[in-house]
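Here the structure comes first, spelled out in structure tokens, and everything after it is commentary.
The values are calculated or read from the model by the stated rules, or taken from the named source; none is laboratory data. For clarity, every value in this text was computed on a predicted model and none was experimentally measured. Virtual Cβ from ideal backbone geometry, glycine too; neighbours counted across all protein chains shown. Calculation scope for accessible area: heavy atoms of the full protein, side chains included, ligands and nucleic acids excluded. Shrake-Rupley method; radii C 1.70, N 1.55, O 1.52, S 1.80 Å.
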Amino acid sequence: MNSRHADNLDTSILSQLAAQAMEAYPQAYQGKIRLLTRSENATFHIAASSGENYALRLHRPHYHDKQSITGELAWLKALQEDIGLTVPQAIPDRDGEVIQTLKAPDGALRYAVLFNWVEGEMPTADLDPSLFQRLGEVTAHLHQHSQRWEKPDNFKRLIWNHANMVGADGYWGDWRATPGLDSNGIAIMREAMGQIGQSLEKFGQSSDRYGLIHADLRLTNILIHEGDTRAIDFDDCGTGWFLHDLAAAISFEEHHPAAPLWVENWLKGYDRVQSLSREEIDILPALFAQRRIQMTAWVGSHADTDMARSLGGDWLAHTVRLCRDYLDGKTPLGAA
């Protein structure tokens, strides 16, 4: 993985840091520590001796500082207290602190947060498309809360503008450096990126279109439990276009045959809570293409992750085709 955009510590050292973080919590939270996943961060499952489950997130370096993490936790708390959404909540340690500061063997500071365990099953691409209606509803409630929430002093989160998503110095790396992209593919994607930028500049960033969003509401970050759809992993939340959350919902799967139906259902659900303008509907192709390019950067900088390896050899070919379709005025969704 690219050292700037990923965590290069091996699993054994990360596990040691997780154990060190758990030492700050009361006995009731102690138990077996097991690595769940490594993506932006390392997430551990804590099976406490009390029978309860918890999730410990160990942050990678060069992404969030303590102030930014504090901002995420404040929004999570407000979403639960203000509108009753089931979202992860940070658990304080013995001293009332919700963020642990650790020192890694390389001397770098690492932050860790312990969350309550959110019950539910993670959907796959074989899901019932109607489940996207509930996701659309949940996302609309997130956006409504974002627009009216009075943020705490010193609130700080990522800014998801066009340059930070798909520029050469984007948060997730430079998509041009992704292994497997040839000069023709790069040329097509560069042209698409330019057209996307022009469309979004015209669309603008007024407060009804641009604000605090989840920014990564893809299938691996939602859970289905007893008919309820729950959003987890707000690590990427920040300021961006509200409808980026729809583009993110179909991440990696834009070329799936059912993707147009997923989008249709998401929009139906969203409309039950908050209606969209014609301009917002018209900007969707640009946002879909932008997200696909953004995820191409992520794949390039996180090539050693299970997620990146699972995509298969034709994923980049589909990406170039989707960008070509966007330039040709075709829908960027659907099978070839």
message: Tell me whether segment 281-296 contains one or more residues that are over 22 Å from Ile188 (Cβ atoms), in a loop (DSSP other than H, G, I, E, B) and either open to solvent by less than 40 Å² (accessible area, probe 1.4 Å) or at pLDDT 95 or above (or both).
response: no
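Residue-wise test of (1) small (Gly, Ala, Ser); (2) in contact (Cβ under 8 Å) with a residue 60 or more places away in the chain; (3) not in a loop (DSSP other than H, G, I, E, B).
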residue: Trp75; (1), (2), (3): no, yes, yes
residue: Leu79; (1), (2), (3): no, yes, yes
residue: Thr86; (1), (2), (3): no, yes, no
residue: Asp93; (1), (2), (3): no, yes, no
residue: Val113; (1), (2), (3): no, no, yes
residue: Asp128; (1), (2), (3): no, no, no
residue: Gln133; (1), (2), (3): no, yes, yes
message: List the residue pairs whose Cβ atoms are under 6 Å apart, where the first residue sits in segment 313-336 and is within 11 Å of Glu253 (Cα to Cα) and modelled with pLDDT under 95, the second is in a helix (DSSP H, G or I) and open to solvent by 50 Å² or more (accessible area, probe 1.4 Å), and the two are 6 or more positions apart or on different chains.
response: Leu333/Pro260; Gly334/Pro260
statement: Filter segment 28-64 for residues that are in contact (Cβ under 8 Å) with a residue 24 or more places away in the chain and of a type in the set (D, E, K, R); the one that is surrounded by the fewest Cβ atoms within 10 Å (Cβ to Cβ) is Glu52
Residue selected from segment 215-259 under the condition hydroxyl-bearing (Ser, Thr, Tyr) and over 12 Å from the mean Cα position of the chain (by Cα), by the criterion surrounded by the most Cβ atoms within 10 Å (Cβ to Cβ): Thr229
task: May I ask you to say which residue of Leu212, Leu181 is open to solvent by less than 50 Å² (accessible area, probe 1.4 Å), touching a Ser or Thr at 6+ places or on another chain (Cβ under 6 Å) and either within 25 Å of Asp282 (Cα to Cα) or not acidic (Asp, Glu) (or both)?
output: Leu212
query: Is it the case that Glu72 is within 29 Å of Ser301 (Cβ to Cβ), surrounded by 21 or more Cβ atoms within 10 Å (Cβ to Cβ), acidic (Asp, Glu) and touching a Phe, Trp or Tyr at 6+ places or on another chain (Cβ under 6 Å)?
result: yes
